[in-house]
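One structure below.
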Amino acid sequence: MRWKSDRYSGWGRALVAEGDLARPERISSLKDLPPTPAIGARRSYGDACLNSDGRAIDMTRLDRIISFDPETGRAEVEAGMPIGELARLFAPRGWIPAVMPGTGFATVGGCIAMDVHGKNHHNAGSFGAHVTAIRMIHAGKAKTVTPKNNPGLFRATLGGLGQTGLILSATLQLAPCPGLSMKVRESRAGDLDEHLALLEASQAPYTVGWLDATARGATLGRGIVEEADHSLDPAPKEGRSKSVPVDAPRFTLSKPVVKAFNARYFARIPESGRTRVRSIADFFFPLDRVQDWNKLYGKRGFHQFQCVLPHSETATLRGMVQTIAESGLASPLAVLKRLGPERAGLMSFPMEGVTLAVDFPNRDKATALIRDLGQRTAAAGGRVYLAKDSLADGDMIRAMYPDHAKWVETARKADPDRQLETDLVRRLNLRSA
Amino acid sequence: MQETWIILGATSSMARALSRKLAEDGHAVFLAGRDMDDLRRQAADCTARGASLAEAVKFDARAPESFAPILDRLADQEGMLNAAVFVGSMPDQADIDADPALVDGTITDSFTGPARFLQMLAPLMEQRGGGTVVGVGSVAGDRGRLGNYVYGSAKAGFHTYLSGLRNRLTRAGGHVVTVKPGFTDTAMTWGIEGMFLVAPPEKVAADILRAVEKKKNVIYTPFFWRYIMTIIRSIPEPIFKKLSI
Ligand SMILES: Cc1cc2nc3c(=O)[nH]c(=O)nc-3n(C[C@H](O)[C@H](O)[C@H](O)COP(=O)(O)OP(=O)(O)OC[C@H]3O[C@@H](n4cnc5c(N)ncnc54)[C@H](O)[C@@H]3O)c2cc1C
């Protein structure tokens, strides 16, 4: 296996690593390899997928389906398989990944290592709830780990940031997918209360709220709530994917531009709401249609702040949304979502409540704001999502993740010399209890 | 219409991309190479994607006795037979300079091995009155260069072979596409200095299938390599011999 010296970053491009990357195309290339962190499609925003001055294994070329049973919807796939590819291949045969993050480029390995959540978390739980077996290199040996044969290791691997070993493949229980399209109901929410009420009341399998993070005063927290279910209607044809060829200049996402954009985006939906049929990819991965959209933030890149707050902390949420709106720093990409209580792994992010995710350009004011939002999350008993983080403080994170100490123990056994640490794990000193 | 494809050198990422597209169109694919474990995984992948049949078969360009059993398997299949050849090896020119014996292996892998296989396959294709051979050559075969002239000359030989085979199979209703990829983002080019305009293997595979459909004779992929190579070929030898490009 050849190693390539590279400068690389996560999706936010604000943090950059220099190190050596290998990208094996066969499982046999991984034989006799000393423990090395694995990375997927680098759709984590911060430094979870970086290993500065060290080595990392890019898993994206190990992307095969090893088995698929069309009767039961069980599929074993290699870790580098993109989640959107699974949806594309299996939806016509009546199956779809039970949980999908907002980008189809995320790999199965990355979805396990972050125990990702989808627009159906309140119904389906996190990604790990649908993983029935993980084939991994654990403490130097390839083994298959299941919730039965090694529950401790299984739960430490889901959301485990790759610290328990390299994931080779996983068996997924797919969910039935009755049609090739989605029927999407879009409703306006005039303010935060209405927004939360709509999310709360939704009976749809998939629910997500777009937040206008520039709206203030009486319209603070306004947005559009999308509720969706699978549909048998023919899917509309998808447009060709576009790409952002170069770094955009700074004014692209400046305050007046975002404000104007958001106002139009909101007004697009009639007051009485509307219902549309969309393709599966368009509903689940709307941003994937523009390749490399992260370049819109220019060379310095951007951050996403994502937290979850318990339902009782509406006042904290309101305060955060207000501070964000007043800062004038938010981009159009802001999301509110309801999360259910289920979390499959020891270090999984979800908790029952509401999750807020907002993108900010990488500027001093924004990083100060994100740190402040993190502190408020901690004070409210909430949690910050490590897949998005690049600024949090280690003590704060440890306090947010109740099973952290248990996880440290399992990770230590798997990797006593801490060879699997990534930049994120080092920055937050996560491998120490 | 469902057809059968034999893919030589099926573990390469270009071959993988092509075999997936063929599988998704419901064709039968025989995946030939040396790493049987990996080929079996690939066959499973093709099956899950919809191949009517996907099978791993042992092929070693340096072991011609491995050829006949494959041809027997192919002969059992009904309908048109097609082949795509991705085999080849490119040791460092410096290693070849140190050990001239490496010349033989390079030429066997990249030219004479696959040529012998195709020579055995051609009568079968003629009997069935059609089918396509996709031969993957290289822009390196267009002109001998300091950096990789042994590999380049093997590919040049293969290009010429393919042109002759095209002449032959055309008469029987068949066709041969010569593919000259520029830099492709594969394990072979990973981490090698001086790569530019690197194309993803999926793009190369899509170009190949379009060329098959349109019965193109020689394609460069991505297309702009045709212009790059036109320029490189047009440099007069007295100048070229002093360049190191
Ligand atoms: C537009 C967009 C929308 C998103 N929406 C959501 C969302 O709705 N919900 C959500 O939960 N997340 C969301 N995310 C975050 C994303 O799903 C996660 O960061 C996911 O982990 C990315 O997968 P990846 O393959 O890119 O992994 P990477 O970012 O490359 O790696 C993530 C982590 O997984 C580990 N890892 C990767 N592969 C392996 C392996 N084979 N073995 C061991 N460890 C491995 C890495 O070490 C790292 O710790 C979104 C991201 C983007 C860019």
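The values are calculated or read from the model by the stated rules, or taken from the named source; none is laboratory data. The structure displayed is predicted, hence computed values, not measured ones. A quick note on method: Cβ atoms are made from the backbone with ideal geometry, for glycine too, and the neighbour counts reach across all protein chains shown. Please note that ligands, DNA and RNA were not included when accessible areas were found on the heavy atoms of the full protein model with its side chains. Shrake-Rupley method; radii C 1.70, N 1.55, O 1.52, S 1.80 Å.
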Query - Calculated log₁₀ intensity ratio I(q)/I(0) where the Debye formula runs over C-alpha points of the stretch A:226-332, q = 0.13, 0.21, 0.24 Å⁻¹ - result: -0.75, -1.32, -1.31
Report task. Report, by chain and number, residues whose modeled amide H sits under 5 Å from the one on A:Ser126, excluding near sequence neighbours (fewer than 5 apart, same chain). Result -> A:Ala344
Requested in this report: Compute the normalised compactness of the stretch B:179-228: alpha-carbon radius of gyration over 2.2 N^0.38 Å, N being the residue count.
Outcome: 1.17
**Report entry** Heavy-atom accessible surface that A and B bury in contact, both chains counted, 1.4 Å, Å² to 100
**Finding:** 2000
Query raised in the report: Can you flag which of B:Lys58/B:Lys155; A:Lys255/A:Lys365; A:Lys4/A:Lys388 are past 19 Å Cα-Cα?
Result: B:Lys58/B:Lys155; A:Lys4/A:Lys388
Query raised in the report: What do the square roots of 5 times the Cα gyration tensor eigenvalues come to for the stretch A:323-403, in whole Å, largest first, as semi-axes of the equivalent ellipsoid?
Result: 22, 15, 11
Requested in this report: Apply the Debye scattering formula to chain A, with a single equal point scatterer on each alpha-carbon and no solvent, then give log10 I(q)/I(0) at q = 0.06, 0.09, 0.12, 0.14 Å⁻¹.
Outcome: -0.23, -0.53, -0.99, -1.39
Report task. Please name the residues of the stretch A:1-41 whose accessible area, counted over protein heavy atoms with a 1.4 angstrom probe, falls by no less than 10 Å² between the chain alone and the full protein assembly. Result -> A:Arg2, A:Lys4, A:Leu21, A:Arg23, A:Glu25, A:Arg26, A:Ile27, A:Ser28
Query raised in the report: Considering only DSSP beta bridges with both partners in the protein assembly as shown, what is the antiparallel share in %, to the nearest 5?
Result: 65
Query - Cα→Cβ-extended label distance, 7 Å offset, between A:Arg264 and A:Glu409, nm - result: 5.7
Report summary line: Semi-axes of the stretch B:99-152 from the Cα gyration tensor (sqrt of 5 times each eigenvalue, largest first, whole Å) come to 29, 14, 5
Requested in this report: Per residue of the stretch A:282-288, in order, report the coupling 6.51 cos²θ - 1.76 cosθ + 1.60 (Karplus, θ = phi - 60°) as ³J(HN,Hα) in whole Hz, putting x for Gly and Pro.
Outcome: 5, 6, 7, 10, x, 7, 5
Report task. Determine how many Å³ per residue the convex hull of the Cα atoms of the stretch B:4-240 encloses. Result -> 124
Requested in this report: Post the alpha-carbon centroid distance, the stretch A:154-196 to the stretch B:1-69, in whole angstrom.
Outcome: 34
**Report entry** Separation between Cα centres of the stretch A:61-96 and the stretch B:178-235, rounded to whole Å
**Finding:** 30
Report task. For chain B, find the longest principal axis of its Cα atoms and tell me its angle to the long axis of helix B:113-128, 0 to 90°, nearest 10. Result -> 40
Report task. Mind checking the per residue accessible area of the stretch A:92-204 for me, 1.4 Å probe, whole number of Å²? Result -> 33
Report summary line: The answer for chain B, accessible area per residue at 1.4 Å probe in Å², is 43
Report summary line: Per the C-alpha gyration tensor (a ≥ b ≥ c, the square roots of its eigenvalues), the stretch A:181-397 is rounded if a/c is under 1.5, else prolate if a/b beats b/c, else oblate; here it's rounded
Query - All aspartates and glutamates inside 18 Å of A:Lys413 as judged from Cα atoms, apart from same-chain residues fewer than 8 positions distant - result: A:Asp403, A:Glu421
Query raised in the report: Of all the accessible heavy-atom surface of the protein assembly as shown, with the other protein chains kept in place and a 1.4 Å probe, what percent is carbon and sulfur?
Result: 53
Query raised in the report: In the stretch B:195-227, which trypsin sites (Lys or Arg not before Pro) fall in coil by DSSP and have 15 or fewer other Cβ atoms within 10 Å?
Result: B:Lys214, B:Lys215, B:Lys216
Report task. Using only the Cα atoms of the stretch A:309-360, each taken as one equal point scatterer with no solvent, compute I(q) by the Debye sum, divide by I(0), and report log10 of the ratio at q = 0.18, 0.19, 0.28 Å⁻¹. Result -> -0.65, -0.71, -1.08
